[in-house]
Structures are given as C-alpha cells and as structure tokens.
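*Asks:* Below: one structure in structure tokens.
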Amino acid sequence: MSDLGQTPCGGSNRRHFLRAAAAGGAATIGIQGLASAQEPVAAGKAVPTATLGRTGEKVTILGMGTSWTLSPSFVQAAIASGVRYIDTSETYENARVEKILGEVLDRTKLRKDVYLVTKNASFRRTMGTGAAKMFQDHLDASLERLKTDHVDCYYLHGIAGNQVELLADPGVKAAFESLKKQGKTRFFGLSCHDARLPEIIEAAVDCGWIDQIMFKYNFRDVGGVDRHDDLQRAIDKAAKANLGLIAMKTQGGAINFPDKMADLQAKGFKKEVAAVKSVWLDGRIQVAVSEMTTRSDLRENVAASQDKALTARDQRLLEEYRRRTAHLYCHGCGHLCETTAKGVPVATVLRYLRYYEVYGKRQEARALYQALPPQARDLAAADLAAAEDACPHGLPVAELVQRADARMGDRVLGRASGV
Ligand code: SF4
C-alpha cells in the first residue's frame, strides 16, 4: 500500500492551500480484503490513504459520517467503494446507527478492514466521581451495538469551551486509559465545533493523551475578513505534535445557497467537490469525514479523493462562492460576537438552526436547543444588536437567533432558507 504522505507541514493560510493545489495529483493504492457484498458505486482506483498522525494507522482520506438515517445497503456501498474510515456516535439516531453499522460489519466480516470511531456524549451530563463507570458502561453499550470487541478510537463528543478543563482532569484521563488497558479502544480523541475550538485543540495537544481530533474545517476557515488565524495556529500546533487531524463540516454550507451559484454551475463548477478537495489540499489534515447521503454524493467524493487536484479555475470559483455567501453562513467564530450577546451562544444556536433548516434534523435540533441552559435562550436579556454589529461577516444575527428560538423553542414558524 502506498501512502499519500500527508505529513504535517505546518502551513497556515490560504497560500498554503494554493501551493498544495498547484502540486495536485493523487496516488492510488490497493485495498486489501475488499469483500464487496454490493457493487461499488465507484469502480476502479481505490480511495487513497494517509497516516493518521501518531496513531500510525493508514486510513482512507475519505471518511463516512453517519449522523443521519443510514441504510445497511448504503454502508455496504460505501465500504465496497473503498471508504474504510467510519465515524459514528452513540447519539446518532438514538444509537440506531451503531446497530446498523454493527449488523453490516458483522455480516460482511469487514470489521477488521475499517477504522471505526464512536463517541461518548454523556460526559456532558455525567462527570465527577461516576465518570469512570459512565465511560465504561457507555463504551460497552456501543461495542455491543457495533458487534465488536473494540473501536479504533473513542471520542469525547462535541466538547464545548466550558468543558475544556476535562482534558486536564486526571480522573477523565484515568477512565480513558482504563478502557485502553482493557483493549476496548486503541486510541482516544475528541470532536469539536465550539466557538472556542482553537483553545480546545491546544488543550488537546497539551493534555498529552488525545491521539486525534475531529473538528469543523472547510474552505471558509482559510481566509475572509477574520482569517481565523488563531485556529490556523492551533492546527499548526496539533500537526507539529503529530495528532491525527480529521475535518468535518467540510462543505461549509456549499449545499445551501443554490441561488448564489447558478452562473458558476453553468460554467461546470461543482462546489461540493471543490469544497472537499480544498480540505484535502491542506497537508495537515489526513481525513475528511463527509455526510454522504446519496449514491451520487458517494460516487463524487470517491472520485474526488482519487484526483485531489483542484484547478486554478475551481479555486477561483470556490473563492467567489465563499465571498458571495459569507454573509449568509455562520462561521462558528462565536468569540467575536458572543461576549456582546450576553449569554446567548450565537454560534451554537445558529449551528442548531442549520441542523433544523438545512439538514432537516428537526427533532434533534429542537432537543439540542432546548437542552441549552435557560440563560442561553433568554433573548430578552441578550444584546443581539451588539452581537450583529460585532459579526465581521454581516450576518443578521438578531433575526436568525429569534428565528432559531421560534423554530426550536416552544413555538413553530414556517420554512426559511438555511444558515
Ligand atoms: S454570527 Fe458572525 S461572528 Fe457570530 S459566530 Fe456567526 S459568523 Fe461568527
């Protein structure tokens, strides 16, 4: 098997992307043990691999996200097409996704051929003295559903900025290390799309026991008016420490705004493909986890992984798309607006609104929104006008937050376009 050699290179800005894009090209590799129970949707070349940081594991650069109503046949199609990195969670579809994955991996005997990640979201509610038992019980339940005796990596799911101290908590570290000693997980990780993402990445490096991190990262994070320099510095630090780095939310709203795209599409530009390629071209990122919900998504992503080159023209058009839609998409940079919003976690609320309006996950979005503490939903006390003034992208923050509350709080309004 050859490796794409996506070793950390420490680049930190848009030039980094452009240089990598100019280099272009992709190696192809053979994947062993492909026992396809179903025809691959992308026959021929395999999905390339990269070394996942200090885990030393060779993993496919395309990962399958599973936070939707997954069918067994789709899982089989993805595996048969060469996707060998699977990301799931105990929370997805109330654990039904873990059961479906377990059923497919058991039936096809392909468990040993995939790198399997699952996540613990219960730490958000249950910590303190019961932490070790909670992690043990929840991982045991996940393993039973997944019909396996171990996962490759076990995550803290969606760690928030106000939970960052957990990474330095000896009790949490000991609980995870016990799981490793028992052979129930090989590595540890976390996922995050909190506004304090840079701080969390740095804390993950400093704590010394996190092997890989999955975080929101897309073409909007490498330029624009706020430039996200602190995020770029944190990624550099994690790459230097050789942590495995996995990008999620790689589309950056590429699916949301068709009216801003018509003329670009007429030129044959495929923004979804360009978006995922732009992530791979950042040499610090080893895997892009993608929520592929159709065979066509799967086919396009597999083909894109096999030819990662992003032409200068497509880079230009992606940048044009980013520029046209920057004021419509919440970039998650809550550190810029939340101090003025006085208690309302704007980035989180607008993310839940995206789950509701764009991804169609209404029930989940409502549950997440309603689980926020009361002060986070106290719009009367918040200064949303000040938050709007602080947003460098020009989002209509007050209108969006109020719409989020109307949709995901107690009242329900009609339909509107996504954030
Ligand atoms: S509203 Fe604006 S400043 Fe606030 S998180 Fe979203 S994009 Fe960033």
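*Asks:* Expressed in nm to one decimal, what extension gain is obtained for the pair A303 and A266 from 0.36 nm per residue of sequence separation less their Cα-Cα distance? Could the numbers behind the result be given before it?
*Replies:* On the way: separation 37, 0.36 × 37 = 13.32 nm, distance 2.10 nm.
Fully extending the segment from A303 to A266 adds 11.2 nm.
*Asks:* Also: Any lysines with Cα under 22 Å of the K112 Cα? List them, leaving off those in the same chain fewer than 8 positions away.
*Replies:* Of all the lysines, those that pass the test against K112 - Cα under 22 Å, at least 8 places apart if same chain - are K45, K58, K99, K147, K180, K181, K184.
*Asks:* Where does each of 328-338, 188-198 land if you order them by average Cβ count within 10 Å, highest first? Show your work: numbers first, answer last.
*Replies:* Working: 328-338: 21.8, 188-198: 24.0.
With the highest mean Cβ count within 10 Å placed first, the list reads 188-198, 328-338.
*Asks:* May I pose another question? For D389 and K133, compute 0.36 nm times the residue count separating them, minus their Cα-Cα distance, and round to one decimal in nm.
*Replies:* Values: separation 256, 0.36 × 256 = 92.16 nm, distance 4.59 nm.
So the chain would gain 87.6 nm between D389 and K133.
*Asks:* Can I ask one more? Kindly rank 303-311, 86-94 from highest to lowest mean number of other beta carbons found within 10 Å of each residue. List each step's numbers first, then the result.
*Replies:* Working: 303-311: 20.0, 86-94: 21.6.
Peptide ranking by packing, descending: 86-94, 303-311.
*Asks:* Report the charge-dipole magnitude of region 334-408 in Debye, nearest 20, computed about the Cα centre from +1 at each Lys and Arg Cβ and -1 at each Asp and Glu Cβ. Kindly include the intermediate steps, with their values, before the conclusion.
*Replies:* Numbers: 9 positive and 9 negative charges, 82 e Å.
With Lys and Arg at +1 and Asp and Glu at -1, about 400 debye.
Laboratory data are not the source of any read-out in this text; all were calculated from the coordinates shown. Note that this is a predicted model, so its numbers are computed, not measured. Cβ: placed from backbone, ideal geometry, glycine included. Neighbour counts: every protein chain shown.
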